[in-house]
Ligand SMILES: NC(=O)C1=CN([C@@H]2O[C@H](COP(=O)(O)OP(=O)(O)OC[C@H]3O[C@@H](n4cnc5c(N)ncnc54)[C@H](O)[C@@H]3O)[C@@H](O)[C@H]2O)C=CC1
Ligand SMILES: O=C(O)C1=N[C@H](C(=O)O)C[C@H](O)C1
């Protein structure tokens, strides 16, 4: 397929471009800080940038009338609502984490969330020093799955691709679930799966949970 990437010069943008090209897809359009790269109209747009770029992405998705995969974190509620409106016309996949491991993590949280009443619960996320948002989108997803107002601690260390740990403790024991992305490839693989997932869809709002 012919892909377009918003944030194509960034860490995730480059990883996604490399993976899709390895799989014989073609990068034909991009948007980044210094403007537009245009070779051809893309068949899909992938956005890994910043929330302030969202309106541009929305405009380009409407202009090209193509599916959108969006992994940008820190979106405002109104931007999520705008994505749902966009999804009436084109397929949209939104997730704050495109790794399979975090999907399994969320399933474990769903299994145990009713069984830990009265326990101390805390989330710790660690990311590279360049990450702009805090707490991570994934930590927010874990908290939302718990249905509880739990503290989140954020560490910004070196070049860590993405670690999330959920700690749960009562007076006699400590239970934890942890996930470590070894590189950004894990997220890019999920984006590729999502792009394949939307190819036969006319419209609709999906998360990565729907994809796997
Ligand atoms: N959902 C997921 O699985 C994952 C999500 N992310 C999220 O993806 C986003 C990007 O992460 P990274 O690639 O590490 O960041 P990055 O900073 O390396 O890349 C962001 C790109 O957006 C561009 N950009 C910034 N302002 C812009 C503007 N005003 N107009 C156009 N382009 C602009 C930058 O120039 C850069 O190329 C973040 O929100 C991050 O949290 C990152 C990894 C996985
Ligand atoms: O910015 C990152 O790098 C990452 N961001 C996502 C988040 O905020 O949860 C996903 C992943 O952990 C990497």
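General remarks:
- Any chance residue 124 is within 16 Å of ligand 2 (Cβ to nearest atom), outside any loop (DSSP other than H, G, I, E, B) and more than 16 Å from the chain's Cα centre (by Cα): yes
- Residues of region 127-143 that turn out to be more than 19 Å from residue 48 (Cα to Cα) and either within 12 Å of ligand 1 (Cβ to nearest atom) or out of contact with any helix residue (DSSP H, G or I) (no Cβ under 9 Å at 6 or more places or on another chain) (or both), as a count: 1
- Check on residue 120, closer than 30 Å to residue 153 by Cβ and within 12 Å of ligand 1 (Cβ to nearest atom): no
- Only one of the numbered conditions (1) in a helix (DSSP H, G or I); (2) more than 11 Å from ligand 2 (Cβ to nearest atom); (3) surrounded by 15 or more Cβ atoms within 10 Å (Cβ to Cβ) is violated by residue 142, and that is (2).
- If the condition is being surrounded by 16 or more Cβ atoms within 10 Å (Cβ to Cβ) and within 15 Å of ligand 1 (Cβ to nearest atom), then region 162-186 contributes 162, 163, 164, 179, 181, 184, 186.
- Considering only residues in region 176-212 that are away from ligand 2 (no atom under 14 Å from the Cβ) and in a strand (DSSP E or B), the one that is nearest to residue 98 (Cα to Cα) turns out to be 206.
- Considering (1) within 12 Å of ligand 1 (Cβ to nearest atom); (2) outside the structural domain of residue 73 (by TED's automatic domain parsing), the lone condition that residue 189 does not fulfil carries the number (2).
The values are calculated or read from the model by the stated rules, or taken from the named source; none is laboratory data. Please read all numbers here as calculations on a predicted model, not as lab measurements. Backbone-built Cβ (ideal geometry, glycine too); neighbour counts: all protein chains shown.
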